[in-house]
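Asks: Just dropping this structure here.
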Amino acid sequence: MWFTDSNKQSLPDPPKALPGRTEAVEVPERHFVNGAKLTAPYPDGSEVATFAMGCFWGAEKLFWQTPGVIVTAVGYAGGFTPNPTYREVCTGKTGHAEVVRVVFDPRVVTYEQLLATFWENHDPTQGMRQGNDSGTQYRSAIFTSNATQQQIAEASCEAFEPRLAKAGYGHITTAIVPLSEFYFAEDYHQQYLAKVPNGYCPNHSTGVKLPADFVVTPLQYVD
């Protein structure tokens, strides 16, 4: 991955964000690893989760290896520039974070289990960076697809933060917000670590675990 300048620590004002474009980038039809269809529509009964946890190459690999995940894709979310390029996101002038789209079968893997993978495989206390990868594109965020995901994600944060504090970490800086738009990243970023097995993408996990019995009963909530 390319490093961003260390001073890119705040989101741009929307009027000052890069203009982007109306045309979406071209992506392959199929997932490089499992051959599943990369873009919507997805199988009936599937759900979509979106996570930002630093470098999206390694994050995507974690999720495509998870049983119950149908397909993954990397992209950009949380900013203001429509259909940005990777080079534009690296400037810090789009407001976007690097994210992973996770399409999953909730009968096989729960949203809570995906959240455990999210929390346990990066440091959610670092603000606008992960390790040496510094800039707004590397911030920690959960972009929710509906009110139920929002409430489960918030509950998981409440369960995880005391454990981080006990281990000597600071407050969680993860944003938990509804997803407004997901933009696919360029073809060469999709499933990058399967195409380039020795590609650079460090794991910044803290070793702290979400409680093994963490669960939120969706029936408690109404969308």
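Asks: Among the residues that make up the range 194-208, is at least one of them of a type outside the set (Val, Ile, Thr), closer than 29 Å to ARG21 by Cβ, more than 16 Å from the chain's Cα centre (by Cα) and modelled with pLDDT of 95 or more?
Replies: Yes, the range 194-208 has at least one match.
Asks: Which count do you get for residues in the range 65-94 that are buried (at least 22 other Cβ atoms within 10 Å of the Cβ) and touching a helix residue (DSSP H, G or I) at 6+ places or on another chain (Cβ under 9 Å)? Explain how you work it out, then say what you get.
Replies: Of all residues in the range 65-94, those buried (at least 22 other Cβ atoms within 10 Å of the Cβ) come to 69, 71-79, 81, 84, 89, 92, 94.
Those left that are additionally touching a helix residue (DSSP H, G or I) at 6+ places or on another chain (Cβ under 9 Å): 69, 71-76, 78-79, 81, 89, 92, 94.
The total comes to 13.
Asks: Still on this model: I need every pair where a residue in the range 188-213 that is charged (D, E, K, R) has its Cβ under 7 Å from the Cβ of a residue that is in a loop (DSSP other than H, G, I, E, B), sequence separation at least 6 or different chains.
Replies: Listed by first residue and then by second, the contacts come to LYS195/PHE32.
Asks: If the requirement is being without any contact (Cβ under 8 Å) to a residue 12 or more places away in the chain, of a type in the set (A, V, I, L, M, F, W, C) and either assigned to a loop (DSSP other than H, G, I, E, B) or within 26 Å of TYR200 (Cβ to Cβ) (or both), which of these qualifies: ALA49, ALA40?
Replies: ALA40
Asks: Here's something else I'd like to know. Among PHE143, PHE80, PHE104, which is among the aromatic types (Phe, Trp, Tyr) and either over 23 Å from TYR192 (Cα atoms) or at pLDDT below 95 (or both)?
Replies: PHE80
Residues are listed down the side, and each one gets a yes or a no for (1) of a type in the set (Lys, Arg); (2) touching a Cys at 6+ places or on another chain (Cβ under 8 Å); (3) crowded, with 19+ Cβ neighbours inside 10 Å:
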{"position": "ARG139", "(1), (2), (3)": "yes, no, yes"}
{"position": "ASN146", "(1), (2), (3)": "no, no, no"}
{"position": "ARG163", "(1), (2), (3)": "yes, no, no"}
{"position": "ALA175", "(1), (2), (3)": "no, no, no"}
{"position": "LYS195", "(1), (2), (3)": "yes, no, no"}
{"position": "GLY199", "(1), (2), (3)": "no, no, no"}
{"position": "HIS204", "(1), (2), (3)": "no, no, yes"}
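Asks: Let me ask something additional. Quick check on my filter: what residues within the range 173-184 are out of contact with any Phe, Trp or Tyr (no Cβ under 6 Å at 6 or more places or on another chain), of a type in the set (A, V, I, L, M, F, W, C) and touching a residue at least 60 places away in the same chain (Cβ under 8 Å)?
Replies: ALA175, VAL177, PHE182, PHE184
Condition check ((1) part of a helix (DSSP H, G or I); (2) in contact with a Pro (Cβ under 6 Å, 6 or more places away or on another chain); (3) farther than 26 Å from ASN132 by Cβ; (4) of a type outside the set (A, V, I, L, M, F, W, C)) across all residues:
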{"residue": "GLN149", "(1), (2), (3), (4)": "yes, no, yes, yes"}
{"residue": "HIS171", "(1), (2), (3), (4)": "no, no, no, yes"}
{"residue": "ALA194", "(1), (2), (3), (4)": "yes, no, no, no"}
{"residue": "GLY199", "(1), (2), (3), (4)": "no, no, no, yes"}
{"residue": "GLY207", "(1), (2), (3), (4)": "no, no, no, yes"}
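Asks: What residue, among those in the range 75-124 that are part of a loop (DSSP other than H, G, I, E, B) and of a type in the set (Lys, Arg), is farthest from ASN146 (Cα to Cα)?
Replies: The first filter runs over the range 75-124 and keeps only residues part of a loop (DSSP other than H, G, I, E, B), leaving 78-85, 91-96, 105-110, 121-124.
Subsequent filtering for residues that are of a type in the set (Lys, Arg) retains 93, 107.
Details: LYS93: 28, ARG107: 18 Å.
Result: LYS93.
The values are calculated or read from the model by the stated rules, or taken from the named source; none is laboratory data. Remember, it's a predicted structure, so these values are computed and weren't measured experimentally. FYI the Cβ positions are ideal-geometry reconstructions off the backbone, even for glycines, and counts take in every protein chain you see.
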